[in-house]
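Notes follow the structure.
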Amino acid sequence: MPHFSGRISSKLPHVGTTIFTVMSRLAAEHNAINLSQGFPDFDCAQELRDLVTKYFNAGLNQYPPMAGVPRLREAIAEKVEFLYGARYDPEHEVTVVPGATYGIFTAVATFIRSGDEVILFEPAYDCYVPAVEVMGGVPVFVELQYPDYGIDWARVQQAITPRTRMMIINTPNNPTASVLSGEDMRMLEGLLRKTDIVVVSDEVYEHIVFDGHQHQSVARFPGLAERSFLVSSFGKTYHVTGWKTGYVLAPRELTAEFRKVHQFNSFVANGPIQHVLAEYLQKRDAYLSLAAFYQGKRDLFLEGVKASRFHPLPSRGTFFQNLAYDAITDERDMDLAVRLTRERKVASIPVSVFYREPPAHRVLRFCFAKSDETLKRGAEILCKI
Ligand SMILES: Cc1ncc(COP(=O)(O)O)c(C=O)c1O
């Protein structure tokens, strides 16, 4: 094996293997039920797989246009207009990208220079901080209010300085399963008025909102839409996290800058898959039925853990259920998550990993994008703890 003996000055000295890889590996080693990593253990629709065969055999296997296949950009714009009442121009304001993570990273890379401050909410999905830091940006954290994980807007206001360049929001939120309300969005709209702050809005769980609530996309709020990158992905929506295909919507001026970076980064997203998604997007029911599907799974899991000593925190969206364990042990969440995987054969994610300086909350995150059988077996184990 070749060996590099020079000096390496890491741009991300604190980053190691992600907790998702660690817990999934541990779950496999110990033959545990894996409720840790956030992806389904069931397959996507047969119809979608048939479309893959169709389009991979249709002679479309060379580079698609840089911004995305026109029919997919058109279909995305139509969906967003239908759901949120905002019209984005497919030509200049919609870009198809290789996954939401890439979309977020590219938006950050487009705008953040050394010393620029980026406001983030903690606990924060794990790709935000590294994206900011690798560009030399400075993450400024505002903590979500435990146990509802709501936003204290007065604290956001205090966090804004002349160096604030960007804010990253995420609704529905991973890992807290909270959602932002219309009132939250209006507060944000008001706070950012007359600033040049750009918003990156991670909305990959936009179709998974429970109990009759509506997803509050930045697209619904003109004062936010005019300064936002709306980032979404097909991974969670169609149970195809491995396809890594998403999209970024933004006003023409922001999109023009975004595409300058995108065209020299990945240049394009997978071509045939874009045709598959363009056709499947015509079936509105596939995404409109998703919330009920996952609400059923959330409720099944909640019913299963009702007799346990865990205390469920509200899950208003995403496919995660957080359980507080104050009544069970004083252990740190990391230690408990590892111990439950090894000894009780059920794997979860300790919520402290989503903080830079974790508070003393005792919470584990469980993913319910799993078969009913798996959820029942997982819940049975939790009832015995
Ligand atoms: C909040 C959030 N954003 C982004 C992503 C990643 O999306 P993609 O796989 O499209 O990059 C995930 C995946 O877990 C997520 O939970």
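See the values below:
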{"item": "Among residues of segment 64-100, those that are of a type outside the set (Val, Ile, Thr), more than 16 Å from the ligand (Cβ to nearest atom) and not in a helix (DSSP H, G or I), counted", "result": "13"}
{"item": "Condition met for Glu331 (surrounded by fewer than 20 Cβ atoms within 10 Å (Cβ to Cβ), farther than 25 Å from Glu143 by Cα and more than 18 Å from the chain's Cα centre (by Cα))", "result": "no"}
{"item": "Answer from Lys194, Lys236 - the residue that is within 16 Å of the ligand (Cβ to nearest atom), assigned to a loop (DSSP other than H, G, I, E, B) and open to solvent by 20 Å² or more (accessible area, probe 1.4 Å)", "result": "Lys236"}
{"item": "Qualifying residues in segment 253-300 (those that are of a type in the set (Phe, Trp, Tyr) and part of a helix (DSSP H, G or I)) - the one farthest from Phe105 (Cα to Cα)", "result": "Phe293"}
{"item": "Test result for Arg252, out of contact with any Ser or Thr (no Cβ under 8 Å at 6 or more places or on another chain) and open to solvent by 10 Å² or more (accessible area, probe 1.4 Å)", "result": "yes"}
{"item": "Pairs with Cβ under 6 Å, 6+ apart, first in segment 309-331 and within 14 Å of the ligand (Cβ to nearest atom), second of a type in the set (Val, Ile, Thr) and open to solvent by 10 Å² or more (accessible area, probe 1.4 Å)", "result": "Gly317/Val179; Gly317/Val209"}
{"item": "Residues located in segment 101-120, provided they are open to solvent by 10 Å² or more (accessible area, probe 1.4 Å), within 16 Å of the ligand (Cβ to nearest atom) and of a type outside the set (Val, Ile, Thr)", "result": "Tyr102, Phe105, Ala109"}
{"item": "Pairs with Cβ under 9 Å, 6+ apart, first in segment 151-167 and over 14 Å from Asp196 (Cα atoms), second surrounded by fewer than 11 Cβ atoms within 10 Å (Cβ to Cβ)", "result": "none"}
{"item": "From Val52, Val15, Val22, residue being in contact with a Pro (Cβ under 8 Å, 6 or more places away or on another chain), open to solvent by 20 Å² or more (accessible area, probe 1.4 Å) and assigned to a helix (DSSP H, G or I)", "result": "Val52"}
{"item": "Meets criteria (assigned to a helix (DSSP H, G or I) and closer than 17 Å to Val261 by Cβ) for Val132", "result": "yes"}
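Per-residue answers, yes or no, for (1) modelled with pLDDT under 95; (2) over 24 Å from the mean Cα position of the chain (by Cα):
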{"site": "Val15", "(1), (2)": "yes, no"}
{"site": "Leu51", "(1), (2)": "no, yes"}
{"site": "Gly68", "(1), (2)": "no, no"}
{"site": "Lys79", "(1), (2)": "no, no"}
{"site": "Gly115", "(1), (2)": "no, yes"}
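The values are calculated or read from the model by the stated rules, or taken from the named source; none is laboratory data. The structure presented is a predicted model; accordingly, all values stated were derived computationally and were not measured. So basically every Cβ, Gly included, is an ideal-geometry build from the backbone, and we count neighbours across all protein chains shown. We work out accessible area using only protein heavy atoms, side chains counted, and drop any ligands, DNA or RNA first. Shrake-Rupley method; radii C 1.70, N 1.55, O 1.52, S 1.80 Å.
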